[in-house]
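The values are calculated or read from the model by the stated rules, or taken from the named source; none is laboratory data. These figures come from a predicted structure and were not determined experimentally. Here Cβ is always computed from backbone atoms with ideal geometry, including for glycine, and neighbour counts include all displayed protein chains. Heads up: the accessible areas ignore ligands, DNA and RNA and are worked out on the full protein's heavy atoms, side chains in. Shrake-Rupley method; radii C 1.70, N 1.55, O 1.52, S 1.80 Å.
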Amino acid sequence: MLIGIILVSCSQNESRLPILGRKEIKSVTFDGKIKADTIYHTIRDFSFTDQDGVTISQDIFKDKIYVADFFFTTCPTICPIMKRQMLRVYEKYKDNPDVLILSHTIDPDYDSVEVLHEFADRLGVSSKTWHFVTGNKDSIYDIGQNSYMVTARQDPDEPGGYLHSGAFLLIDKDRRVRGIYDGTIEEKVDLLMKDMDKLLKEYAGE
C-alpha cells in the first residue's frame with residue numbers, strides 16, 4: 001500500500017473551490033487494478049453547547065455548509081470587528097436552510113450558556129442560523145488546531161489572556177475546509193460570501 005500525505009490544497013476542477021488541508025493518497029485494488037484513492041482532511045466529530053443550552057454536534061451540520069470561527073465575548077481586540085463582519089454573512093444567509101454559522105468561545109470558563117445567550121441577543125441573531133458554543137476547553141482548543149487548522153489557546157501575554165486566529169473558515173457538506181478568510185477585513189469577507197455562493201451552486205449541480 002502506498003500512502004502519501006500532501007500538505008497542499010487540492011481541486012480537480014479549477015472552477016471549484018479548493019479542498020484545504022492534508023490529504024492521503026492510498027492505493028486500492030478495484031477489479032484487479034490498482035487505483036489511487038484520496039482521503040481528504042475533515043472536521044472531526046464534536047459536541048458543544050450553544051446559547052440556548054442545546055447540544056450541538058456534527059449532526060446539526062449534516063447537509064449544510066457553514067462558516068466557523070473562534071472568539072471570546074470579552075475580547076478587547078479583533079473579536080468585535082469579526083462579529084460585525086460575521087453579521088454581514090448572517091444577514092445574507094439567515095433565511096437559507098443550507099447555511100449555518102458556528103462560533104466557538106475560547107474562554108469557556110467565563111462564556112457560559114447564559115453569557116453567550118445574552119451576547120447573541122445583543123447581536124440580534126437567532127440560533128436557527130448562528131450557534132455560539134461553549135464546552136470543554138481542551139476540546140475547543142484541540143478542534144481549533146487539529147480540525148480547523150487555526151490558533152485558539154490561552155496566552156497570558158496577549159490582550160485579554162487568549163490568542164486566537166481571526167479566520168473565518170468555510171466548511172462544506174462533507175466536513176472539508178474549502179476556504180480560510182481574514183474575518184477582520186471586509187474585502188476578504190466579501191470573497192467568503194462569493195465562495196459560499198459558488199459552493200452552494202456546486203452542491204446544486206449548477
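A few points about this structure:
- Elements of type helices (runs of 4 or more DSSP H) in region 96-204, at least 3 residues being open to solvent by less than 60 Å² (accessible area, probe 1.4 Å) and of a type in the set (A, V, I, L, M, F, W, C): 113-123, 186-204
- For region 63-94, taking the residues that are open to solvent by less than 50 Å² (accessible area, probe 1.4 Å) and without any contact (Cβ under 8 Å) to a residue 40 or more places away in the chain, the one that is nearest to Asp172 (Cα to Cα) is identified as Leu87.
- Checking every residue in region 75-95 against the condition of being part of a loop (DSSP other than H, G, I, E, B) and of a type in the set (Ser, Thr, Tyr) gives at least one match.
- Val150 fulfils the conditions (1) in contact with a helix residue (DSSP H, G or I) (Cβ under 8 Å, 6 or more places away or on another chain); (2) more than 17 Å from Thr49 (Cβ to Cβ); (3) at pLDDT 95 or above except for a single criterion, (3).
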